[in-house]
Amino acid sequence: MSVTTRFAPSPTGRLHVGNIRTALHNYLFALKHGGRFLLRVDDTDAERSTPEFDQAIRDDLAWLGLHSDAIYRQSERFDLYEGEFARLRDAGHIYACYETPEELDLRRKILLGRGLPPIYERPVPDFVPPPGRDPHWRFRLDHGSPIHWNDLVRGEQKFDPNLLSDPVIRRADGSWLYLLPSVIDDVDLGVTHIVRGEDHVSNSATQIQMFAALGAEPPYFAHEALLVAAEGKLSKRLGSVGVDALRDAGLEPMALLSLLARLGTSQPVEPIAWLSELAGSFDFSHFGRAPAHFDLHDVELLNSRLLHHLEFSAVADRLPKGASEADWLLLRGNLSTLAEYAEWGDVLDRDIATPDMPGDDRAFCAEAAAIGVKINWSHDPWHALIEHLKTFTGRKGRALFHPLRLALTGRDSGPEMAGLLKRIGKERAVQRLADAGAG
């Protein structure tokens, strides 16, 4: 079976982490099966959809590495919808309705007051439309047999169509609602798997009958448990966590994607550098039905772990000009975000502020500067320096190492000093030690 999935955002806002998760899972499933991943922009809401959000969605997906095989816009497919609408109307699958929202609301309240489900009541056969009122349109559900399918996440699903209202598919002004155009697109584009949140389960029940009315087999469905924000000071509202926020925080796309690929599964969450590797282990059978808790702090932790193992080739084009592979390998194990690399530029190649140190540490650094002039710098100057200092000063442990790190780097922590000292070089290192010794 040739797999085709689709991600169908509305260009009425930026993508947030929940949207990104849906896009990722569609992408990974298609990638795993050698299929197609389509981007369908659901821009039928002319008032709220904007070209700016359309572009932002495509830019965000590109930054994440989720490249689509084709892009479609619903606003460019209205002729297709009109033709299928007419065919369904002529076959009796669609019918006109004339109630106002106020009338519908009143009828729902009456039904609830009688202890009945608030299901839409179809017009009687001899109903006469009120003059001067344009109709909206509903899809006529077949009440003859239960609707059922085997969901790839939720298992066997069953709905009684007698307990569902005939859904509105078109407004009185002619504009489209989500349900029918989506089905028409899925049929036309050959979508084989629909992957989306569990809030669409009842939509799928009605859409299955729409597929049948169009003479098409329904695709497979995978309805995933929704993401919820984790509690705690490090969490944010999911709606505010998007690509722009992640990019501004200096986080790697694959740190986020590594988390979202396995959040809500029994698989271990670990930093993975390539989408192809994530796709290889992706399986809907691993997902549970409990809500998945998202915490931005988990992305930050994965980001550090990811950077610590990334090869230079994966980041070279995003590092400061002149960055070398040797420097990357030296610094990567101490980085939380890629932006921190630039902060080490002064330590490696330029001047740093002389730290303020206690008197005994200043004397210790002055001694270190004197020894630094004499030792052999061609092999392992760090260990040569500390061995001499142990002998001459009797210091050891933190008293030995910390003043040297502070004098040489201006920082209390960082990469291993053996590699750093050699990279800093004799002249600059001796001068920093002397400056620290002079106070």
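The values are calculated or read from the model by the stated rules, or taken from the named source; none is laboratory data. This structure is a prediction, so every number in the text was calculated from the model and none was measured. Methodologically, a virtual Cβ is constructed for each residue, glycine included, from the backbone with ideal geometry; neighbour enumeration extends over all protein chains shown. Accessible surface is based on the protein model in full, side chains and every heavy atom, while ligands, DNA and RNA are left aside. Shrake-Rupley method; radii C 1.70, N 1.55, O 1.52, S 1.80 Å.
Calculate, in nm to one decimal, what A339 and R87 gain on full extension: separation in residues at 0.36 nm each, minus their alpha carbon distance.
85.0 nm
Cα extents of the range 262-321 along the three principal axes, largest first, in whole Å?
Principal-axis extents of the Cα atoms in the range 262-321, largest first: 47, 26, 14 Å.
Under the Kirkwood approximation applied to all pairs of distinct alpha-carbon atoms, what is the hydrodynamic radius of the range 76-122 in Å?
Every distinct Cα pair counted, the radius reaches 13.0 Å.
Probe of 1.4 angstrom, ligands and nucleic acids ignored: what's the accessible area per residue over the range 101-250, in square angstrom? Show your work: numbers first, answer last.
Numbers: 7910 Å² over 150 residues.
In whole numbers, the range 101-250 has 53 Å² accessible per residue.
Just in the range 181-281: which GluC sites (Glu not before Pro) are loop by DSSP and have at most 12 other Cβ atoms within 10 Å?
Passing sites in the range 181-281 are E231.
Distance between Cα centroids, the range 46-87 to the range 316-379: provide it in whole Å.
The distance from the Cα centre of the range 46-87 to that of the range 316-379 comes to 50 Å.
Report ³J(HN,Hα) in whole Hz for each residue of the range 428-435, in order, from the Karplus equation J = 6.51 cos²θ - 1.76 cosθ + 1.60 where θ = phi - 60°; Gly and Pro get x.
Karplus-based 3J(HN,Hα) across the range 428-435 equals 5, 5, 4, 5, 5, 5, 5, 4 Hz.
Per-residue accessible area for D188 at 1.4 Å probe radius, Å² rounded to 10?
90 Å²
Could you compute the FRET efficiency for I352 and E270, with r as their C-beta to C-beta distance and R0 at 51 Å, rounded to 0.05?
Numbers: r = 36 Å, r/R0 = 0.70.
Using R0 = 51 Å, I get an efficiency of 0.90.
With axes computed from alpha carbons, what is the tilt in degrees of helix 296-307 against the longest principal axis of the chain, rounded to the nearest 10 within 0 to 90?
50 degrees
Take the solvent-accessible surface of the protein heavy atoms, probe 1.4 Å, and return the percent of it on the range 291-374 that carbon and sulfur atoms account for.
Details: 2210 of 4360 Å².
Roughly 51 percent, rounded to a whole number.
Tilt of helix 398-409 relative to the longest C-alpha principal axis of the chain, in degrees (0 to 90, nearest 10)?
The angle comes out at about 70 degrees.
Give me, ordered by chain and number, the residues 5 or more places off H293 or on other chains with an amide H under 5 Å from its own placed amide H.
Amide H to amide H, under 5 Å and 5 or more residues apart or across chains, H293 pairs with V228.
I need to check one value: relative contact order of the chain, counting alpha carbon pairs closer than 8 Å and at least 6 residues apart, in percent.
Averaging sequence separation for qualifying contacts and normalising by length gives 13 percent for the chain.
For helix 201-213, what angle does its Cα long axis make with the longest principal axis of the chain, in degrees from 0 to 90 and rounded to 10?
50 degrees
D59 to H200: extension gain in nm, 0.36 nm per residue of separation minus the Cα-Cα distance? Please list the in-between numbers first.
Numbers: separation 141, 0.36 × 141 = 50.76 nm, distance 2.62 nm.
In short, 48.1 nm is gained.
Which whole-Hz ³J(HN,Hα) couplings does the range 94-104 yield from phi under the Karplus relation 6.51 cos²θ - 1.76 cosθ + 1.60, θ = phi - 60°, glycine and proline marked x?
Rounded to whole hertz, the list is 10, 9, 7, 9, 10, 5, 7, x, 5, 5, 5.
Near the amide H of I94, under 5 Å away, which other amide H atoms are found, from residues 5 or more places off or on another chain, if H is placed in the peptide plane?
R89, R140
Roll a 1.4 angstrom probe over the protein heavy atoms and tell me the percent of accessible area of the range 378-424 that is carbon or sulfur.
The computed percentage sits at 52.
Using the scaling law 2.2 N^0.38 Å as the reference, what is the normalised Cα Rg of the chain?
Rounded to two decimals, the normalised Rg is 1.41.
Going 7 Å from the Cα of D134 along its beta-carbon direction, which residues of the range 95-118 have the amide nitrogen within less than 16 Å of the resulting point?
Under cut-off, by backbone N: 96-101.
Starting at the first residue of the range 5-17, write each ³J(HN,Hα) from the Karplus equation 6.51 cos²θ - 1.76 cosθ + 1.60 with θ = phi - 60°, in whole Hz, x for Gly and Pro.
Result, ordered by residue: 10, 8, 10, 10, x, 9, x, 10, x, 7, 5, 10, 4 Hz.
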